[in-house]
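Heads up, the thing below is written out as structure tokens.
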């Protein structure tokens, strides 16, 4: 499961990718992606520090993506805002002597799951997300 910060960062990246011709302010994005503005401001600051977005000050300022969307993976974004979230288990979290050289079956299974998620996130770019979104049929509200 992703942290809330990672989820918000991914929403922001997709929002910016959908509006490539313009910079968006934190306020505009907050309304579009339903993220509290103070929290989004922190996330955008982290994304800027990580080279994912750039910011421009002034009356026509705001944020824009700094990288081409076909080269911007979900994993890259997650690693910038939440670097410890998807970490491989390298030693027994229970500190059991019998597990010093090999992970137990439980932790090996968890590690395999983490590896699979990492692979999916590395192979999915913002571009592929937008392509998949375009192929989906919107739900009708009753």
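The values are calculated or read from the model by the stated rules, or taken from the named source; none is laboratory data. Not measured: the values here are computed from a predicted model. Backbone-built Cβ (ideal geometry, glycine too); neighbour counts: all protein chains shown.
Key figures
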| read-out | value |
| --- | --- |
| Filter pass, residue 63 being more than 22 Å from residue 132 (Cα to Cα), surrounded by fewer than 17 Cβ atoms within 10 Å (Cβ to Cβ) and at pLDDT 95 or above | no |
| Selection within the stretch 1-54 - part of a loop (DSSP other than H, G, I, E, B) and out of contact with any strand residue (DSSP E or B) (no Cβ under 8 Å at 6 or more places or on another chain) | 1, 2, 3, 19, 21, 34, 35, 36, 50, 51 |
| Lone unmet requirement of (1) assigned to a loop (DSSP other than H, G, I, E, B); (2) on the phi < 0 side of the Ramachandran plot for residue 58 | (2) |
| Single residue of 119, 90, 21 found to be at pLDDT below 90 and under 23 Å from residue 132 (Cβ atoms) | 21 |
